[in-house]
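A short reminder: the numbers here are calculations on the coordinates, not readings from a lab. The shown structure was predicted, so the numbers you read here are calculated from the model rather than taken from an experiment. Please note: Cβ atoms are built from the backbone with ideal geometry, for glycine as well, and neighbour counts cover all protein chains shown.
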Amino acid sequence: MKTTETTGKIISISGATVRTDLTGLTLFERVSVGRHNLTGEVVSLEKDGTVLQVYEDPSGLGLDEPVQGHGVSLATTLGPGLLSVMFDGLQRPLHALADKTGPFIHPVHLPSALDLNKQWPFTPLVNKGDTVAAGVKIGYIDEGPFQHAIIVPTDKKGRVEYVAQGTVTLKEPLCRLEDGVRIFGYHSWPMRVPRPYRKKISPQGPVITGQRIIDFLFPLARGGTSIIPGGFGTGKTILEQTIAKHADVDIVIYAGCGERGNEMSELIEEFLQLVDPRTSCPLMDRTVLVVNTSNMPVAAREASIYTAVTLGEYYRDLGFHVLLLADSISRWAEALREISSSLEEMPGEEGYPTYLASRLSSFVERAGVVETLSGDIGSLSMILSVSPPGGDFTEPVTQALLRTSGAFLMLDTELANSRHFPAINWMQSYSLYLDILADYFKQNISKDWEVLRSLCRQIMHKEESLKEIMEIVGIEGLQEQDRLAMTVAEEIRSSFLSQNAYTADAFCDPQKTLDIIRSITDKFLQGQDITNGKNEHEAL
Amino acid sequence: MRLSEHRYKTTARIAGQLLYVEDVHAARIGEVVKVSGLHNIAVDGEILEIVKGNILIQLFGETRGLNAKNMEIVFTDTIRQVPLSGDLLGRQFNGSFEPLDGLPMFYASEWRPARGLPINPVARLKPEEFIETGISAIDGLNTLVKGQKLPIFSCAGLPAKELVAQILQNARLRDSSKRFAVIFVALGLTFHEYSFYLDALQNIESEFVAIINMADDPVMERLMAPRFALTVAEYLAFDLDMDILVLVTDMTNYCDALREISNARKELPGRRGYPGYMYSDLASLYERAGRIRNSGGSITMIPVITMPEDDITHPIPDLTGYITEGQIVLSRELHQQGVFPPVDVLPSLSRLMQKGIGSGKTRADHRDLANQLYKNYAKGRELKKLEAIVGRDGMSKADQLLLDFAALFENEFVHQEKQARSIYKTLDKGLEILKNFNLLPENLQEKKSEV
C-alpha cells in the first residue's frame, strides 16, 4: 500500500469525470476523490495528470479538493459472510449502509464488505509442518448449509507454522507460514481480472431452471450463458427472479443492474421467506444480491456487473455450481456509454463505445466449468437479460451478446400482451447446448427426451405455418390432420409452454416436464392413428 | 466552506443558456451562481463543468439582455436546495420555486438538495396498499397501489387530462387515516391545460401543492420543477407521514427540454436526438416514488406522457416503461368509439397489481375475475381482426359471443363517463358482464355467493 505522497488536487470536473494533477498512479487504480473521499478509478494517464471516473454522485465536488491513490485496483472482498447480503455496485453492504445513513444513500465509506467481527466455526484441514501452496485448502468455515473452504492464495506457499481451530473471526490470520506469511479467511481480488483456475472444461450437465420451455426446448448447460432480450412488460425480471428461486445450483448471484428499487425490496422479502428445498434454509442463504438501481450512480452500475462476476468466480473456485443472473445488461452498456461519452471518446454504433462488444465478450467468457486450483470442479453459468430499446433486437447490445452466448431466449411482446408467460418465443429462440445435453437427459430422465422434443417442435412449426390459413378459412376449413395439430399445439402452448410464476407450477422438474409433454403428444399420436385409419377406411 | 462570497466579472462567453466564466479560483460542481446585469436582470445558474479556472454555467432564467461587460457572477458555495415546511400545502410555485399565488414565501424549517438522494433499496417497503381511483379499467384490471409509479401513455388529442382530473377527484386510499395531498407538476403546459387542471385541483377535497412551468417559461426550469416537487413530496411523505400523489404532466415536454439543453451543451445525441443518459435521468425522477421503512407516508406517481406519433416504441414512452411499474395506455380507437376513459386494457399493465388485490385488500374474487375478463376480452379483440376478413356470419357462434362480449366490455366496463365506481361496483359490473355471456367459471360463482 502506498502512503500519503500520492495526494494531488482536482483540476477539472465534468460530470463524473475528474482530472487531477496527480501523477504516478496506475491504470484502474482505486482513488479517493474530494473532501468526502468519493470512490473513483483511474481511467487514463496523461503526461501531467490523471483522468478519474468517480463512482458516486459528484455534485458538490470542488476545484482543488484532494485526490489520493490507494495503490490497488478497485477490488471485491471475498470470504465467508457474503451469502444473503445485499451489496451495491461497489460492494458496500446496503443494510450496514442503511444503519449508518438512514433510508437515503449518502456517499460514505464503509470499511469492509464483510463483518470482520463475526465469529465463525473453523475446522482446519492442515497440520503444523505441512507444506502448502496455492490452491491447498487449509480448512473450512461452516457458513449456513455450506462448507466454505479457505484456500491458500496464488502468491503464497510454505510450511505451516500455526493453524487456527474452533471459533475464529476474520480479523485474525487463520494460518501462519514459517516465513511469517499470514493467511486470512478473506482476501480481495481486482474485479476486472478473471480469477485463475487450473483448466477450463466444456460446459456439461444442465442448469435445471424449472421452466419447461427452457429445460425442454432451450436448455442451459452448466458453464454456459443464456440471454433473455425483451421489450418492457415482457416479463424479463419475473423470469429471472423465478429462475433465481428454483434453479438447481448451489449459489445464486443476482445482479440488479439499473433496475427498479421496489422490485429489489420485493425480492429480498420473498427470498427470506422462501425455503430452498435442497438445504431447508431460506433461499437468501444461498444468494448474494448486487444491486445498483437505476437511480444510483451510473458509474457504480458499470462496476456492479464486475463485482457480481467476481463473487461468482469466487464461489466457483470453492467448488460450487454458481448461477449469475444479471438484470439487465443493457443498463450496464448504457452506463458504459455514459462514461465513454464523458471521456469524449469516439462513439460507435448508437453512441455505444466501439469496445462494447469486446468488453461484453470478455465478460461472458468468465462463465464456464473449471477445474479449480484445489482440483475441484466448479461452474459459473450466466443468464443475462437485455432490454433492447423499443423491443428492437437489431440493436448493438443484443447483437454483441448473440455472438458470445450459447442460448437465446427471445421474449415476445405479443405473447406477453396475451398474458402467455414466460413469453419466450418458441420459433425464434435457440440453444446451442442441445447436443451437449442430449446424453444427460437421455440417461437421467428418459430416452424419449429427444424424440418428444422434436415431435413437440414439429407440432409447433405446423401450427405456425397453418395459422394464417386458419385465420381465413377458420378451423373447420382445415383438414382433419391439421385440425388435430392445431388443437394439440394450443394445448402445448397453454399447459406446457406457459407457466404461472405465482403458483406451485413456478417450478417443474424435468421428469414432470417430460410427463406433461408425453401426455399431450400421445393425444396427437393417437389422433393421428385414428385419422390415418379413417383415411385408409375412406380410401377403401 | 469559503469565508466570503466570490464575485467575478470575467465572463468569457454567453451562448443561449450557457455561460462561460474564466479565472475562477473556487467552484463546485452543481454550485448555485447568481448572475446580475444591467436593468435589474437577475438569473440563477448552476455549475456544470470545471476545467481549471474555466467554469461552464447553466443559466435557468431568461438570458435576453445580458451583457458580458456589465455582468456580475456570484458563486454561492451551496448546491441547489429546496425550502421545506408544512406551510407548503396549498401553495403554488413556478419552476424556480418562487410563489405564484401572490402570497409571500413561507418560512422554511429545513432545506434539502433538489436532486435528492437515491433511496437505499433495503430501506424500501414493498408497495401493497390498494388505491381506489374510481376508474374500472384501472381499479379492476390495472390496479394502482401506494408507492407505485404508473404513467399514463396518451396520444395527442386524447382526453388524458380529463382522466387525470377524474383520478384526482376520486382517488382515495381505502380506510386511510393518514393525511393525503396531491402535488401537481405542470411542465410546459398551455394556459388552456393549466386552467383546466387548476380548476380540477380546486374542486378536490385534498390539499395540494402546485409547481407550474408554462409553455413559455424557461426550458431549464422544466428540468428543475419535478425535482423541486419530489423533494417536497419526500419531505411531506417521509417526514410528515403523509400519503402523496405526485402528478406530472407532461413528461414529453420534460424530455424535449432535456434534449434541448443537452444539445446546447454539445453533448452526443442518442436515439432521436435525446441524450444517452435519458434513462438514468428519468430514473432519478421516477425512482423517488415509493415507501420506506419507519415512515408512514408514501409517494405515488402518475406521470402523463403524450406519445409522439402515437408510437409506444418512441424513446420517451419506451424508457419510461422500462423504469415505471406498468403503464395505462389510452387508445385513439376507443376514444373515437366514444368510450371514456379510453383505456386500452390489453397493452396496459400494473406490475404491482398482484400485491394490492385479494381478500382484505379489495375482494377475494378480484384476481380470478380480472384474469377472466382480460382473457375473454383479449380473445374478442383478436376475433375482431378475423371479423374484418371473413365477416361476422362466417364465424362460429362461440366466436360471435366473444365479439359481443368484447363490445359490451368496452361500452359498459371501460366506459363509465364521469361516474366514479367503487371497487365493489367495478367488480360486480365485471361479474355481471361475464354472467350475461355465460363466461363465468364455476369458482367465481361460488366466491360471489360467499360475498
## Note on the structure
The residues B:Val219, B:Val74, sorted from fewest to most surrounding Cβ atoms within 10 Å, come out as B:Val74, B:Val219
### Task
Can you tell me the 0 to 90 degree angle between the C-alpha axis of helix B:397-408 and the longest principal axis of chain B, rounded to 10?
40 degrees
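Please identify every one of the trypsin sites (Lys or Arg not before Pro) in segment B:228-313 that sits in a loop by DSSP and has no more than 11 other beta carbons within 10 Å of its own beta carbon. Please list the in-between numbers first.
Values: sites: B:Arg259, B:Arg265, B:Lys266, B:Arg271, B:Arg272, B:Arg288, B:Arg291, B:Arg293; in loops: B:Arg265, B:Lys266, B:Arg288, B:Arg293.
Filter output for segment B:228-313: B:Lys266.
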### Message
Using a 10 angstrom Cβ neighbour count of at most 13 plus a DSSP loop assignment to flag exposed GluC sites (Glu not before Pro), which longest range of chain B is free of such sites?
### Response
B:206-416
### Query
For segment B:190-204, in order, what is each residue's ³J(HN,Hα) by Karplus, 6.51 cos²θ - 1.76 cosθ + 1.60 with θ = phi - 60°, in whole Hz (x at glycine and Pro)?
6, 4, 4, 5, 4, 5, 4, 5, 5, 4, 4, 5, 6, 8, 8
### Message
From the phi angles alone, apply the Karplus equation (6.51, -1.76, 1.60; θ = phi - 60°) to segment B:249-254 and give each ³J(HN,Hα) in whole Hz, x where the residue is Gly or Pro.
### Response
9, 10, 5, 4, 5, 4
### Query
Which value in nm describes the separation of the simple spin-label points at A:Cys281 and A:Ser358, placed 7 Å from the Cα toward the beta carbon?
4.1 nm
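Using only DSSP helix segments of four residues or longer, with each worth -39500 (n - 2.57), what per-residue ellipticity at 222 nm results for chain B after dividing by its residue count and rounding to 500?
Details: 13 runs with 144 residues, N = 451.
Dividing the helical sum by the residues of chain B leaves -9500 deg cm²/dmol.
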## Note on the structure
The answer for trypsin sites (Lys or Arg not before Pro) in segment B:161-215 that fall in a DSSP coil and have at most 10 neighbouring Cβ atoms within 10 Å is none
### Query
Taking H as built 1.01 Å from N, whose amide H comes closer than 5 Å to the amide H of A:Val290, not counting residues under 5 places away?
A:Phe87, A:Tyr254, A:Ala255, A:Gly256
### Summary
Shape call for segment A:444-540, from the Cα gyration tensor axes a ≥ b ≥ c (a/c under 1.5 means rounded, otherwise prolate when a/b beats b/c, else oblate), comes out oblate
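Taking each residue of A:472-483 in turn, how many C-beta atoms of other protein chains fall within 10 Å of its C-beta, and what is the average?
Mean partner-chain Cβ count within 10 Å for A:472-483: 1.
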### Task
Apply the Karplus parameterisation 6.51 cos²θ - 1.76 cosθ + 1.60, with θ equal to phi minus 60°, to every residue of segment A:127-140 and state each ³J(HN,Hα) to the nearest whole Hz, in sequence, with x for glycine and proline.
10, 4, x, 5, 9, 10, 9, 3, x, 6, 8, 8, x, 9
### Task
Round to the nearest 0.05 the FRET efficiency obtained for A:Glu172 and A:Asp130 when R0 = 22 Å and r is the Cβ-Cβ distance.
0.65
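Hand me the chymotrypsin sites (Phe, Trp or Tyr not before Pro) from segment B:88-127 located in a DSSP loop with no more than 14 other Cβ atoms within 10 Å, in residue order please. Before the final figure, lay out the partial values.
Working: sites: B:Phe93, B:Phe97, B:Phe106, B:Tyr107, B:Trp111; in loops: B:Phe97, B:Phe106, B:Tyr107.
Hits after loop and neighbour filter: B:Tyr107.
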### Under the Debye formula (equal points on every Cα, no solvent term), log10 I(q)/I(0) of chain B at q = 0.06, 0.10, 0.12 Å⁻¹
-0.31, -0.76, -1.02
### Query
In what sequence do B:Met224, B:Met301, B:Met214 fall when counting other Cβ within 10 Å, fewest first?
B:Met214, B:Met224, B:Met301
### Message
If you fit an axis through the alpha-carbon atoms of helix A:510-539 and take the longest principal axis of the Cα set of chain A, what angle between them do you get, 0 to 90°, nearest 10?
### Response
20 degrees
### Query
Nearest 10 degrees, 0 to 90: what angle lies between the long axis of helix A:236-246 and the longest principal axis of chain A (Cα atoms)?
80 degrees
### Task
Any chance you could check the Cα centroid distance between segment A:403-443 and segment A:1-58 for me, in angstrom?
45 Å
### Per-residue average of Cβ from other chains inside 10 Å of B:48-54
5
### Task
Just report the Cα centroid separation between segment A:244-322 and segment A:157-198, whole Å.
26 Å
### Query
So what's the gap between the Cα centers of segment B:145-185 and segment B:71-117, to the nearest angstrom?
25 Å
### Task
With a ≥ b ≥ c taken as the square roots of the eigenvalues of the C-alpha gyration tensor of the protein assembly as shown, please select rounded if a/c is under 1.5 and otherwise prolate if a/b is larger than b/c or oblate if it is not?
oblate
## Note on the structure
In terms of the alpha carbon gyration tensor, root eigenvalues a ≥ b ≥ c, rounded if a/c is under 1.5 and otherwise prolate when a/b exceeds b/c or oblate, segment B:1-136 is prolate
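Would you mind ranking A:Asp155, A:Asp529 so that the residue whose beta carbon has the fewest other beta carbons within 10 Å leads the list? Before the final figure, lay out the partial values.
Numbers: A:Asp155 7, A:Asp529 10.
The most exposed by this proxy come first: A:Asp155, A:Asp529.
Can you compute the FRET efficiency between A:Asp179 and A:Glu371 using 1/(1 + (r/R0)^6), with r the Cβ-Cβ distance and R0 = 35 Å? Round to the nearest 0.05. Provide the component values of the computation, followed by the final result.
Numbers: r = 29 Å, r/R0 = 0.82.
Calculated value: 0.75.
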### Task
Amide H neighbours of A:Phe104 under 5 Å, at least 5 residues apart or on other chains, H built in the peptide plane: list them.
B:Asn120
### Query
With r defined as the distance between the Cβ atoms of A:Glu270 and B:Ala215 and R0 fixed at 41 Å, what FRET efficiency is calculated, to the nearest 0.05?
0.35
### Query
Per residue of B:265-271, what is the mean number of Cβ atoms on other protein chains within 10 angstrom of that residue's Cβ?
4
